[in-house]
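Worksheet: one structure, shown below.
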Amino acid sequence: MQFPQIRLESKFGQTEIRTQSSKLEIEQPKAELSIEQPAAELNIDRKPARLTIDQTEARADMDLKPISRRIDEAAQQGYQDWLSGLARVSQDGDELMRIENGGNPIADQAKRNSESPMLDFNIGWTPSAGSVKIGYDPGKVDINWKQNKPVIESRLNKPIITYTPGKAEVSLKQHPSLKIDFANLRHVGINYEQSI
């Protein structure tokens with residue numbers, strides 16, 4: 001005996017999702033930096049040291065005199081000799097003028113004028129102590145400087161940002177379906193019978 005059957009065949013609907021990721025690009029341009037360093041200013045004011053050595057007197061003690069000094073000394077010595085000669089002649093004249101007072105002035109004067117004076121002698125080529133005069137000026141150094149600060153200029157560049165948003169596409173991959181099939185199904189009517 002065949003029983004009537006209803007056969008159902010169904011398929012579920014399927015969805016499909018296609019996604020595209022978002023994209024973010026960031027580019028950071030370098031900052032622009034300018035540095036200028038002005039040179040420092042340096043000023044040096046220098047007065048040089050000075051050493052003076054005067055050995056004129058030491059050379060004179062060694063009889064190494066310049067001609068101008070020899071002339072001055074000779075002139076001075078001549079003047080002194082003239083004064084002493086004048087005094088001697090005046091004294092001799094006074095003695096002769098008083099010859100009546102006794103004594104022998106002519107013989108005394110002849111003896112006195114004929115004798116050489118006693119001269120002191122010492123080593124003549126050695127300078128005396130302290131005859132070399134030394135003077136020293138240490139000089140002076142003034143240093144002035146000025147520091148100049150650096151000139152710094154900077155400019156920041158903003159980042160370049162590019163953004164591509166993502167997207168999702170939803171579509172129907174498989175439509176739902178329902179298939180109905182009948183088997184051994186018969187319709188029995190009055191005086192007839194029919195297969196469906």
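Some points to look at:
- Summed over the residues of the chain and divided among them, the accessible surface reaches 92 Å² per residue at a probe radius of 1.4 Å.
- Radius 9 Å from Cβ of Glu153, net charge of other residues (Lys, Arg +1; Asp, Glu -1): -1
- Between 0 and 90°, nearest 10: helix 105-114 axis offset from the chain longest Cα axis: 40
- Whether region 140-192 is rounded, prolate or oblate, judged on the alpha carbon gyration tensor where a/c under 1.5 counts as rounded: prolate
- Of the chymotrypsin sites (Phe, Trp or Tyr not before Pro) found in region 24-123, those that fall in a DSSP loop while having at most 12 other beta-carbon atoms within 10 Å are Phe121.
- Of all accessible heavy-atom area on region 1-69, the percent that carbon and sulfur account for (1.4 Å): 50
- Once all protein chains are placed together, Glu25 keeps about 90 Å² accessible to a 1.4 angstrom probe.
- Charge sum, other residues only, whose C-beta stays under 14 Å from Gln76's C-beta, Lys/Arg counted +1 and Asp/Glu -1: 0
- Cβ-derived FRET efficiency at R0 25 Å, Ser116 paired with Glu57, nearest 0.05: 0.25
- Other residues whose C-beta falls under 14 angstrom from the C-beta of Ala58 contribute a net charge of 0, scoring Lys and Arg +1 and Asp and Glu -1.
The values are calculated or read from the model by the stated rules, or taken from the named source; none is laboratory data. Bear in mind that the values here come from a model prediction, so they are computed numbers and not experimental data. Here Cβ is always computed from backbone atoms with ideal geometry, including for glycine, and neighbour counts include all displayed protein chains. Accessible surface areas use protein heavy atoms only, side chains included; no ligands, DNA or RNA. Shrake-Rupley method; radii C 1.70, N 1.55, O 1.52, S 1.80 Å.
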